[in-house]
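The values are calculated or read from the model by the stated rules, or taken from the named source; none is laboratory data. Given the structure is predicted, the values throughout are model-derived calculations rather than measurements. Please note: Cβ atoms are built from the backbone with ideal geometry, for glycine as well, and neighbour counts cover all protein chains shown. These area figures cover heavy atoms from the full protein model, side chains too; ligands, DNA and RNA do not enter into them. Shrake-Rupley method; radii C 1.70, N 1.55, O 1.52, S 1.80 Å.
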Amino acid sequence: MSHPGIADTVFHTRVRGSSTQLLWMGIAMAFLGIVALVFPFIATIVAALLVGWVFLFAGIFMALGAFSIHSTGPFFGALLFALVAIAAGVFLLFNPLGGALTLTLVIGILFMFQGASELVFAFEMRPHTGWIWMLISGVASIVLAVLIVAGWPSISAVALGILLGVNFLTTGIGYIAVSLTMKPV
C-alpha cells in the first residue's frame with residue numbers, strides 16, 4: 001500500500017520484497033520483548049552471560065589467530081587484545097551482575113545509535129503508510145538511552161532486562177507494521 005501518486009524507489013521495492021521476513025522478525029522480537037519485560041532480572045543476567053560467552057569465544061579465536069601473525073609488534077597487539085576479550089568474558093561469566101553495570105551503559109549507547117538509524121529508516125519510508133511506527137520505535141530507543149544515563153548505575157540489576165524488553169517490543173511492532181503495509185502487490 002503505497003501513497004497514491006508516489007513512485008516506489010529501489011529502497012521501497014526491496015522492503016516490499018522482504019515484507020514476510022520483516023513480519024517474522026517483528027513477531028520474534030515482540031515475543032522476546034514481552035518475555036524480557038515479564039522477567040527483567042533474568043533477562044539482565046541472560047544478557048550479561050551471553051555477552052560473556054561471546055567475549056570468551058571471540059578472545060579464544062583471536063588468540064589462535066594471533067599466532068598466524070609473523071611480525072612481533074602486531075602479534076603482541078593481537079594477543080593482548082585477545083587476552084583482554086578473554087578476561088572480559090570470564091569476568092562476565094563469573095560476575096554477571098557486575099558486568100550488567102557496564103553492559104547497561106553500553107546498551108544505552110547502542111540504543112542511541114539504533115534509534116538514530118530507525119529515525120532515518122522511518123523518514124526514508126515516508127510517505128508510505130506504516131512509517132510512523134518505525135518513527136515511534138526510533139524515538140522510544142532514544143528515550144530509553146536517555147533513561148539509562150539518568151538512572152545509571154543504580155538501576156543496572158533490572159534495567160537492562162526492562163530496556164531490552166521495551167526495545168525489542170517496540171522494534172518488533174515497528175517491523176510488523178512496516179511489513180503489513182509494504183506487502184507485495
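Below, the figures for the structure above:
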quantity	calculated
Residue within the stretch 72-94 that is at pLDDT below 85 and either hydroxyl-bearing (Ser, Thr, Tyr) or at positive phi (or both) present	yes
Meets criteria (under 21 Å from the mean Cα position of the chain (by Cα) and among the β-branched types (Val, Ile, Thr)) for residue 84	no
Complete set of residues in the stretch 99-129 that are surrounded by fewer than 18 Cβ atoms within 10 Å (Cβ to Cβ) and of a type in the set (Phe, Trp, Tyr)	113, 123
Candidate set: the stretch 1-26, residues that are more than 14 Å from residue 127 (Cα to Cα), open to solvent by 70 Å² or more (accessible area, probe 1.4 Å) and among the aliphatic types (A, V, I, L, M); chosen: the one modelled with the highest pLDDT	25
Every pair of residues 6+ apart whose Cβ atoms lie under 7 Å, when the first sits in the stretch 148-165 and is part of a loop (DSSP other than H, G, I, E, B) while the second is open to solvent by less than 20 Å² (accessible area, probe 1.4 Å)	152/104
Restricting the stretch 138-157 to residues that are at pLDDT 85 or above and open to solvent by 50 Å² or more (accessible area, probe 1.4 Å), the residue that is nearest to residue 19 (Cα to Cα)	139
Pick from the stretch 97-122, criterion β-branched (Val, Ile, Thr) and under 16 Å from residue 147 (Cα atoms), ranking: modelled with the highest pLDDT	109
Subset of the stretch 36-45 that is of a type in the set (A, V, I, L, M) and surrounded by fewer than 15 Cβ atoms within 10 Å (Cβ to Cβ) - its residue that is modelled with the highest pLDDT	38
Subset of the stretch 46-98 [assigned to a helix (DSSP H, G or I), farther than 30 Å from residue 162 by Cβ and open to solvent by 80 Å² or more (accessible area, probe 1.4 Å)]	61, 64, 72, 76, 80, 81, 83
Residue match in the stretch 108-116 (condition: part of a helix (DSSP H, G or I), touching a residue at least 60 places away in the same chain (Cβ under 8 Å) and not β-branched (Val, Ile, Thr))	no
Candidates 135, 164, 169 - the one that is modelled with pLDDT of 80 or more, buried (at least 17 other Cβ atoms within 10 Å of the Cβ), over 15 Å from the mean Cα position of the chain (by Cα) and of a type in the set (A, V, I, L, M, F, W, C)	135
